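S.K.: Here it is: the structure, laid out below.
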Amino acid sequence: METLPTELEKQHHKEEHSPQTQQTDLKQPPKDDEPAQQDSINPDLINKITRFKALREQGIYFNDNLVKSKSYRNPNIYAKLVEFLNISETSTNFDPTFWHPTGFPPSASAESLRELQQTLADEKTKQRAGTQGKRSTIQFEHARTSTSSSTTHSSIRNSLKRERDRDVDRERDRDREPGQRKSHIRSP
């Protein structure tokens, strides 16, 4: 049997879900259990951020300067930046229990997959070579209906007509003077 909420519980529920309470909750940031400790932040990092912020306020942007630099046009810049910044291209921000990019078995590496594909291709080639000598007869198909032969005859007639037209054009070009060969328009 359910118990009905008391009047006090109803009032508390109304206060929690009232529009005024929701608006004030959105305006204020959530409170941390522990205050931020300034000692835990690396001072070098604070100095770098402060310096970049000051440069940005002066209108100097790091990315703009990087793009304008001559070394940025180097096609190997990506590899050099990765090496300089000591970035692991296979790392992730996910929790290792959820996704671990280096947690794949050795059989999933590109090299082992390539070897497996090569082995399968070799087996297929051997199988084809073994079955190639076993063929003793070749099956031929009979000619189709007469409509296909009339189509063939008309295509032969068309190709002969095109060839005859080419011959006429060649003869006409030979009869022309050398300066007139390029243009097909005869002067009066």
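S.K.: What is segment 42-88 by shape, rounded, prolate or oblate, if you read a ≥ b ≥ c off the alpha carbon gyration tensor as root eigenvalues and call it rounded for a/c under 1.5, prolate for a/b larger than b/c, and oblate otherwise?
M.R.: Taking the square roots of the gyration eigenvalues as a ≥ b ≥ c, segment 42-88 is oblate.
S.K.: OK, next. Could you sort the peptides 48-55, 69-76 by per-residue average Cβ neighbour count (10 Å cutoff), highest mean leading?
M.R.: 48-55, 69-76
S.K.: Let me ask you something else. Treating only the Cβ atoms of Lys and Arg (+1) and Asp and Glu (-1) as charged, compute the dipole magnitude of segment 42-88 about its Cα centre; round to the nearest 20 debye.
M.R.: The calculation lands at about 160 debye.
S.K.: Label Thr119 and Lys68 with points 7 Å out from Cα along Cα→Cβ: what is the distance between them in nm?
M.R.: The two pseudo-label positions are separated by 5.8 nm.
S.K.: Another question, if that's okay. Find, among the trypsin sites (Lys or Arg not before Pro) in segment 85-144, those assigned to loop by DSSP (not H, G, I, E, B) with at most 15 other beta-carbon atoms within 10 angstrom.
M.R.: Lys134, Arg135, Arg144
S.K.: Can you tell me how segment 83-127 classifies by the Cα gyration tensor, rounded, prolate or oblate, using a/c under 1.5 as the rounded cut?
M.R.: In terms of gyration-tensor shape, oblate.
Throughout, read-outs are computed from the coordinates displayed, never taken from laboratory work. Computed from a predicted model, the values in this text were never measured in an experiment. Neighbour counts are summed over all protein chains in view; Cβ atoms, including those assigned to glycine, are modelled from backbone coordinates with ideal geometry.
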